[in-house]
Amino acid sequence: MEDVLDVYQRPQDAQRPLVCLDESGKALQATPRGRLPLAPGQPVRQDYEYKRQGACNLFLMLAPLLGWRKVQVTAQHTAYDLAEQLRQLVEEDFPDAECIVLVTDNLSTHTPACLYERFPAAQARRIAAKLEWHFTPEHGSWLNVAECELSVLTRQCLAQRFATQADLEHATAAWQAARNAAHRTVKWQFTTAEARIKLHRLYPSL
């Protein structure tokens, strides 16, 4: 916990951007009986009946100090899928960074090993060398700022039915563009010093 909190107190560094990563699932549901036409001042009105269409996974990456976020929709959530997200982060999103400070939860797939499962060893090593990993503790996923951003995404975009993966991709892309255009940054307030006071029960008694 203290490791992650200390990372959040680092000043912004263009060569070492802070990026938080988290995932979430979304069920795909069609509405067989359709919905009523949209009207000004009216919420979406649709039949309660729905048809299951499977599910998708969403990767969300957030650079809280830069006001940048990226949402990627994938058919599943595996180490193979995560490796591709990390490749894009290093090679496409922040190609000029010296190192990317990565905060994520401690799932078993969240290790540099996922890169070697998908890419040739030389490329995997090159990507891994540009990532500085920091993990939230067990039952401490609230320390990941990306989880907070996922909550915003859920409230503002995902609280509706999507019948296909393409529909979900279109909606999340629009949300991402609007949020990035507004340059919504995140300034983390909770510090290590405060944690030692407010969460003292988590510390050993000496």
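The values are calculated or read from the model by the stated rules, or taken from the named source; none is laboratory data. These numbers come from a predicted model, not from an experiment. So basically every Cβ, Gly included, is an ideal-geometry build from the backbone, and we count neighbours across all protein chains shown. The area values use the complete protein model at the heavy-atom level, side chains included, leaving out ligands, DNA and RNA. Shrake-Rupley method; radii C 1.70, N 1.55, O 1.52, S 1.80 Å.
Provide H139, H110 ordered by accessible surface of protein heavy atoms (probe 1.4 Å), highest first. Display every interim value, and only then the final one.
Working: H139 170, H110 5 Å².
So, going from the largest accessible area down, we get H139, H110.
Could you give the longest part of the chain that holds none of the GluC sites (Glu not before Pro) found in DSSP loops with at most 12 neighbouring Cβ atoms within 10 Å?
With GluC sites (Glu not before Pro) excluded where exposed in loops, the chain gives 139-206 as its longest stretch.
Over the chain, what percent of the accessible surface lies on carbon and sulfur atoms, probe 1.4 Å?
The computed percentage sits at 53.
What shape does segment 11-162 take by its C-alpha gyration tensor, where a ≥ b ≥ c are the square roots of the eigenvalues and a/c under 1.5 counts as rounded, a/b above b/c as prolate, and the rest as oblate?
prolate
Within the chain, which is the longest segment that contains none of the trypsin sites (Lys or Arg not before Pro) sitting in a DSSP loop with at most 15 other Cβ atoms within 10 Å?
No qualifying site falls inside 46-183, the longest such stretch.
How big is the accessible area of S205 in square angstrom, nearest 10, if you roll a 1.4 angstrom probe over the protein chains?
Here the accessible area works out near 120 Å².
Under the Karplus relation 6.51 cos²θ - 1.76 cosθ + 1.60, θ = phi - 60°, what is the ordered set of whole-Hz ³J(HN,Hα) values for segment 66-74, x standing for Gly and Pro?
Per residue, the Karplus-derived 3J(HN,Hα) values read 9, x, 10, 9, 9, 10, 10, 9, 10 Hz.
Percent relative contact order of the chain, based on C-alpha pairs within less than 8 angstrom and at least six residues apart?
Computed value for the chain: 28 percent relative contact order.
Between L131 and residues 5 or more places away or on another chain, which pairs have amide H atoms under 5 Å apart, with H built 1.01 Å from N, and which residues are they?
Close amide H contacts, sequence-distant or interchain: I100.
Let me know the shape class of segment 88-206, please: from the alpha-carbon gyration tensor, a ≥ b ≥ c as square roots of the eigenvalues, rounded when a/c is under 1.5, otherwise prolate if a/b is greater than b/c, or oblate. Intermediate values should be presented prior to the final figure.
Numbers: a/c = 1.83, a/b = 1.14, b/c = 1.61.
Verdict is oblate for segment 88-206.
Across segment 25-35, in residue order, what do the Karplus-derived ³J(HN,Hα) couplings come to in whole Hz, using 6.51 cos²θ - 1.76 cosθ + 1.60 with θ = phi - 60° and x for Gly and Pro?
Taking θ as phi minus 60°, the curve returns x, 9, 6, 8, 9, 8, 10, x, 8, x, 9 Hz for segment 25-35.
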